[in-house]
Every structure is written in C-alpha cells, then in structure tokens.
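I have placed the structure first, in the form of structure tokens, so that the comments after it can refer back to it.
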Amino acid sequence: MSLMPFPGPVAYIMKRYPRLSETFILNEIRAMERLGTDLHIFSLLPPEPPPHHPLVAEVEAPLHVLPPPMGAKIARLARAHMATALAAPGRYAGTLMQASLWSVTSRSPLAVWKHFIRAGFVADECRRHEMVHIHAHFANTPTSVAHFASLMTGLPFSFTAHAKDLYLTPRRIIARRVRAARFVATCTRYNAKYLEDISPGAAIRLIYHGIDLDTFGAAAPQPAGQDRKLPLILSVGRLVPKKGFVDLIAACAILRSAHIPFRLRIVGAGPLKATLDAQIESLGLRDTVTLAGSMTQAGLVSLYRQADLFALAPRIEENGDRDGIPNVIAEAMACSVPVIATDVSGIPEMVRHEETGLLVPPRDAVALAGAIQRLLQDRELSARLTANGRALLEREFDLWTTTRALHRLIGCQDCEVPGGLVCPDEDKALPHAVAP
C-alpha cells in the first residue's frame with residue numbers, strides 16, 4: 001500500500017524523549033517514518049538517561065531539545081520568542097494576551113507561562129523548518145505547548161490523549177484543547193466516550209496503541225531455567241499505586257497458603273519499590289516474588305517467552321488516575337501468554353472475559369488469586385485464550401494498521417475532519433482512503 005505524500009514536515013511534541021516506559025510512542029514514530037512522514041521530535045525536558053530502547057537508533061527524525069545550561073537555555077528561548085514575534089507580530093501578541101487570560105483563571109498560573117515560553121521555542125523551529133502540522137502526545141503539558149505554538153504560527157495541531165494526562169486535567173481545560181485541535185486521537189473507546197461527553201461533536205478518533213506483531217511473534221522460546229518446574233507469573237509496569245501490585249502480591253500470599261506452586265516476577269521501577277519490598281517480606285514471599293527492576297523491550301520479549309501467565313491488576317485511584325490499556329498486556333498476548341487483568345478503564349476492550357483472557361474486579365486479591373489458580377491448572381483454557389488474544393491483536397491492534405490511520409489524519413491538511421466518535425478502521429471516518 002502507498003499513502004498520500006505529506007505536504008511537509010510534522011512536529012511531534014513529548015514531555016521527554018526518549019523514554020524507556022513509552023515504547024508505544026517510539027514504535028509509532030518508527031512506523032510513521034516508514035510510512036513516509038518527515039518528523040521533527042521535540043522533547044520538552046532533557047532525554048531520559050540510558051538505557052534506551054535499541055529502536056531509538058533507527059529513528060531518523062532530528063531531536064529538538066533546549067540546551068541544559070541555564071544561560072544557554074535562556075538565550076535560546078529569548079532568540080526564539082523574538083524571531084516568532086517578528087515573523088507574526090499579530091499572532092504573537094494575541095497568544096500573549098491569551099496566555100495572560102488563561103494564567104489568571106488557572107490553578108497553576110506558573111505552569112501556563114512555562115508552556116507559553118516552551119511554545120516559543122517550538123514555534124520558532126516550526127517556522128525555520130517549514131513544518132505543516134503539530135502533534136502532541138499526552139493531553140497535559142505537551143498539548144498545552146502545542147496549542148500555544150499553533151496560536152503563534154497558525155499551524156493546525158492535534159494530540160493523542162492517553163490516561164493519567166486525560167483524567168487528571170480539569171475537564172474545562174480538556175474541552176478547550178479539544179475544541180482548538182484539528183482532531184484528537186485516543187487509545188481506548190473508554191477514553192473516547194469520556195472526551196465525547198466533555199466536548200460533544202468534536203473530532204475524536206479512536207486509534208489503539210498498535211503493537212509490532214513481527215517483533216513479538218519472531219522471538220523463539222527461551223530454554224528452561226533451573227527452577228523452570230515452578231510456573232512463572234509475570235507482571236510488568238511502573239511501581240505506582242494505580243498498577244495494583246499490592247493486590248497482586250496479596251493474591252500471591254493466598255496462592256501460597258493454598259499450596260499452589262509458582263514464582264512471580266515483577267518488572268518495573270518506581271516510588272513504591274520500598275513499600276512492595278516490605279509487603280513481600282511481611283508475607284514471607286521473599287523466595288517466591290521478585291522485583292526485577294527496569295528492562296528494555298528486547299529483554300522483556302525473552303522474559304515473556306518464559307512466562308506461563310501474565311497478571312496485572314490496575315485500579316482507579318482516588319484522584320482519578322488510571323491506566324488506559326497497558327501496552328504490556330498486548331505484548332504478553334502477542335507472545336501467546338495467557339492474561340489476567342482487572343476490568344477497569346479500557347482493559348476489557350482487549351482482555352475480553354473468557355474469550356481473550358480473564359477479568360477480575362480491581363482491589364480484589366481473592367478473585368485475582370482464584371483466576372491465577374484457574375489458568376495455572378487449566379492448560380486447555382490457557383491455549384484457547386492465547387489463540388483468541390493473538391487473533392484479536394491481528395484484527396484490531398496491529399501497529400501498521402493503527403499508524404496508517406493516524407498518518408492519514410495528520411497528512412490530509414486540506415480536508416475537514418468530521419466530528420464524532422469514530423473508529424479508525426472505518427474508511428468513512430478517514431479524510432482519504434489508502435490507495436492500493
């Protein structure tokens with residue numbers, strides 16, 4: 001398939017790039033480039049220290065980031081704002097007035113001005129490189145910067161809303177950004193309905209995080225380790241409350257009491273490490289549960305191949321923070337690992353109970369332990385769930401299908417994007433169909 005040629009370069013704005021925990025964005029960038037997009041990546045903060053995903057080396061897009069020394073940063077921002085103001089004095093003055101108004105009504109006026117200042121840098125680079133569109137990942141800071149840069153330059157902008165960024169941003173601010181954007185993409189139907197409720201009739205596009213099935217399907221099973229006789233339960237995610245690791249560890253204690261043999265390995269880093277370590281110690285699970293720290297995706301592929309079961313227990317926190325569809329669930333499914341998860345947010349869109357996995361209520365360690373025991377003991381059920389899971393990914397979550405949908409939306413600058421909640425696999429929702 002060939003796609004419409006882009007009319008010019010596209011700015012991609014992220015809070016930090018590269019970032020090990022955001023492999024799904026890296027995969028999208030790589031796919032966008034292979035579909036012919038000339039990207040320029042903006043990292044609003046300094047790049048995350050290594051290790052970086054090996055695929056970062058394959059990305060051709062230049063990275064725009066402010067120099068770290070404070071003096072050099074201030075000088076670069078001053079030049080950018082002066083150039084932007086001289087290039088379009090009316091737009092710049094109007095944006096400055098808008099920033100003043102929003103800062104007065106904001107609970108975080110300093111943040112508004114930070115976004116305005118960073119937007120001057122983005123706007124200047126967009127003008128110098130003759131960019132035609134601005135796209136931001138995450139509905140909070142990156143989209144605020146994209147909005148200001150759009151006002152300064154007159155370029156259209158769009159953004160992808162994910163999870164925490166969407167639910168922890170006030171609804172009135174989300175509505176303002178949705179109305180201003182050319183379109184909004186989001187990674188779950190659950191999110192899309194929330195956005196549609198906030199801004200009825202807006203151009204909301206459901207575009208799932210795609211997974212590169214070739215990457216996960218190509219890996220060969222790893223040789224069994226010395227303790228392979230014990231079934232391996234794998235879980236992956238940042239060690240933060242919304243991931244529900246305290247519930248998963250509590251479920252392990254229940255399984256241990258029932259004399260169910262297993263090992264649990266949790267991959268990820270985060271602020272709850274000490275708390276989880278203490279929980280493991282207090283429950284006497286030191287020889288059963290391991291906190292493995294961070295790992296590259298290449299290392300995870302190998303680990304998925306060793307796992308008998310993947311379990312994740314996300315929950316909705318009191319402040320509204322929640323996951324969308326954790327990408328690690330798709331990765332496990334792609335590697336033919338049976339999945340158990342909680343029925344929150346967009347997870348049931350991928351983990352369909354008794355069809356592609358098992359769902360349990362959040363914060364319910366007893367139900368979680370029961371589901372784990374069931375899958376460990378029922379190999380026929382596990383095989384059926386894994387086959388169905390892989391088939392679902394191929395139908396609805398393939399990276400190239402989802403990225404083509406975003407590519408077409410960004411690339412068609414002369415089309416009106418109709419409003420309403422539409423799934424990207426419906427050709428009528430797209431500005432142009434893919435040409436054979």
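Laboratory data are not the source of any read-out in this text; all were calculated from the coordinates shown. Note that the structure is a prediction, hence the values are computed from the model and not measured. So basically every Cβ, Gly included, is an ideal-geometry build from the backbone, and we count neighbours across all protein chains shown.
If you count the DSSP beta bridges with both ends in the chain, what percent of them are antiparallel, to the nearest 5?
Of the beta bridges lying entirely in the chain, close to 5 percent run antiparallel.
Return the percentage of antiparallel bridges among DSSP beta bridges fully within the range 213-396, rounded to the nearest 5 %.
Among the beta bridges of the range 213-396, antiparallel pairing accounts for roughly 5 percent.
Contact order normalised by length for the range 275-347, with contacts defined as Cα pairs under 8 Å and 6 or more residues apart; what percent is it?
Here the relative contact order equals 31 percent.
Report the full-extension gain for the segment Ser282 to Ala72: residue separation times 0.36 nm, less the Cα-Cα distance, to one decimal in nm.
Extra length available between Ser282 and Ala72 comes to 70.6 nm.
Taking only C-alpha pairs under 8 Å that are 6+ residues apart, what is the relative contact order of the range 213-396 in percent?
The value is 24 percent.
Would you kindly state the longest site-free stretch of the chain, with sites defined as trypsin sites (Lys or Arg not before Pro) in a DSSP loop (not H, G, I, E, B) surrounded by at most 12 other Cβ atoms within 10 Å?
That gives 287-436 as the longest site-free run.
Considering Cα pairs under 8 angstrom that are at least six residues apart, work out the relative contact order of the chain and quote it in whole percent.
This gives 17 percent for the chain.
Stretched out fully, how many nm does the piece from Leu230 to Arg79 gain, at 0.36 nm a residue minus the Cα gap?
Extra length available between Leu230 and Arg79 comes to 48.2 nm.
Which value in nm describes the separation of the simple spin-label points at Thr105 and Ala57, placed 7 Å from the Cα toward the beta carbon?
Simple spin-label model gives 5.0 nm for this pair.
What number, rounded to the nearest 500 deg cm²/dmol, is the helix-based mean residue ellipticity at 222 nm of the chain, given -39500 (n - 2.57) per DSSP H run of at least four residues and division by all its residues?
-13500 deg cm²/dmol
Can you give the log10 of the normalised intensity I(q)/I(0) at q = 0.14 Å⁻¹, computed with Debye over equal Cα scatterers of the chain?
One equal scatterer on each Cα of the chain leads to -1.30.
Could you tell me how many degrees, from 0 to 90 and to the nearest 10, lie between the Cα long axis of helix 365-377 and the main elongation axis, the longest principal axis, of the Cα atoms of the chain?
For helix 365-377, the angle is close to 70 degrees.
Looking at this model, which pairs from Lys164/Lys273; Lys15/Lys243; Lys73/Lys243 are more than 30 angstrom apart at the alpha-carbon?
Lys73/Lys243
Semi-axes of the equivalent ellipsoid of the range 1-113: what are they in whole Å, largest first, if each equals the square root of 5 times a C-alpha gyration tensor eigenvalue?
Sorted largest first and rounded, they come to 30, 20, 15 Å.
First check a/c for the range 100-192, with a ≥ b ≥ c the square roots of the eigenvalues of its C-alpha gyration tensor; if it is under 1.5, answer rounded, and if not, answer prolate when a/b is larger than b/c or oblate otherwise.
Verdict is oblate for the range 100-192.
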